[in-house]
Amino acid sequence: MVYADFVMVTNSDRLAALQRLCLLDTPVDPSFDRLTRLASRMIKAPVSLVTLVDRDRQFFKSQIGLPEPWATMRETPLSHSFCQHVVDTNKPLIINDSRIHPLVSNNLAITDLNVIAYAGMPLVTSDGYAIGSLCVIDHEPRVWTSEEIEILDDLAESVMTEIQLRESYDERHRIEQKLYETSQTQLKEMETLYKRVSDLERMKTEMIRVAAHDLRNPLGLVMGYSELMLEETEVMAEHHVEFVQSILRSGQKMLKLINDILSLERVTSAQNNQHQPLVFTDLAREVYDTNLDAARSANLHYAFESEDLPLTVLGDVVQLREALENLISNAIKYTPAGGTVTVRVRRQSEHILFQVEDSGYGIPEADQTRLFQAFYRVHTDETYRIGGSGLGLHLVKNIIDRHAGEVVFKSVYQKGSMFGFFLPIA
Ligand code: ADP
């Protein structure tokens, strides 16, 4: 062990270092007892102690061979302490006969504990504080050999290793505890945050709903009166008819936008989707049929191809109808007269593959990566006049994602497109 030559340590620093170790007044500990036993046995001394020198007492973290009541009390006042001198100097103290030693001849340990020969090694922390001593005591005068002092020095080193192991264990434990507490706090903060976000989400949904409904009612009136006026075109000036037709068209566009926003809100805020078994082939056929008139007015070759077997999925019928409606109506909307739109339902191993293929305007490659973003619209020479909200495909993707499905598409500009999705078969 290397002893500091000279360290300016105030007693309060040293006492603070001792307190930090949390060893004072702790129970008997077998690992320290093993070391005092070993010291006693190897040096053949009747008493061996691990003392911790406090402000006004010395505490025995371990003791072998002390008489009662000291053995049970596990401490003495400093009036009975040789070890305090080891701590004061931070150096070994070797005494062959205490009765004639100038430093300790008046110490009460001589009479009360029969300490005649004493050898003590300082216990020094890694930051240089002497906190106590490992000492051996004999009741007879004795000349301690250099070999015995070396043994004691080695054992003092072991005592300090033991103390430091405990310290690092305690430190680790403290860090773990701190980490645990921090993670608990963070968890609580996240819960609060989550709750706030959910509340805000609910408020947003409610606001959108109220706003959309409030818009829909006056819009219904505007459109209703426009339709009524258009029933009496014969009494209207020609340019007024055009104005009213324009009002009606704008109203329809606005209504579509409001309906799309409401649908999206319904889908994204649905806490528990109403998933039930449904025959997908029948649903696809139903949506195909509702678009027959639109396809006919657009002058398209419109066809439906499906497997004969009814294919069933677990799903929300309102949402899936909406997805099918969006894809089919897009194909009709973005295909010029004379083109074809084919709706297909097929089985592919454990999935249903739904596809709408058209020979329409197609989509330039540069736009294809953003098609499913909300409000994204493609403006080509062929399509810029066609109305829409840019929410349809976004809605389709949201719905299919919520059904554990996958959206697929392929499009070649000015040749045509295929939009569809896979859904797991129930
Ligand atoms: P919109 O309401 O504009 O139709 P969508 O989200 O349904 O919104 O579609 C986004 C854009 O993708 C559309 O503006 C359109 O340009 C393009 N698109 C969608 N389907 C087709 C299709 N079958 N053929 C060509 N373009 C399409």
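The values are calculated or read from the model by the stated rules, or taken from the named source; none is laboratory data. Remember, it's a predicted structure, so these values are computed and weren't measured experimentally. Using ideal geometry, Cβ is built from the backbone for each residue, glycine included, and neighbour counts are taken over all protein chains shown.
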The strands (runs of 3 or more DSSP E) lying wholly within region 270-380 that contain at least 1 residues that are away from the ligand (no atom under 13 Å from the Cβ), among the β-branched types (Val, Ile, Thr) and closer than 18 Å to Leu423 by Cα are 276-279, 312-315, 340-348, 351-358
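Rundown of residues vs (1) surrounded by 17 or more Cβ atoms within 10 Å (Cβ to Cβ); (2) assigned by TED's automatic domain parsing to the domain that holds Asp401; (3) without any contact (Cβ under 8 Å) to a residue 40 or more places away in the chain, yes/no style:
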| site | (1), (2), (3) |
| --- | --- |
| Glu286 | no, yes, yes |
| Ala298 | yes, yes, yes |
| Thr340 | no, yes, no |
| Phe354 | yes, yes, no |
| Thr369 | no, yes, yes |
Report yes if Leu78 is over 14 Å from Cys135 (Cα atoms) and touching a strand residue (DSSP E or B) at 6+ places or on another chain (Cβ under 7 Å), otherwise no.
-> yes
Elements of type strands (runs of 3 or more DSSP E) in region 56-171, at least 1 residues being hydrophobic (A, V, I, L, M, F, W, C) and in contact (Cβ under 8 Å) with a residue 24 or more places away in the chain | 57-64, 93-95, 117-124, 130-138
Here the residues within region 381-413 that are more than 10 Å from the ligand (Cβ to nearest atom) and either of a type in the set (Lys, Arg) or touching a His at 6+ places or on another chain (Cβ under 6 Å) (or both) are Arg385, Arg402, Lys410
When the residues of region 235-276 are filtered to those that are closer than 23 Å to Arg202 by Cα and of a type in the set (Gly, Ala, Ser), which remaining residue is surrounded by the most Cβ atoms within 10 Å (Cβ to Cβ)?
-> Ser263
Residue check for Arg266: in a helix (DSSP H, G or I) and under 19 Å from Arg321 (Cβ atoms) = yes
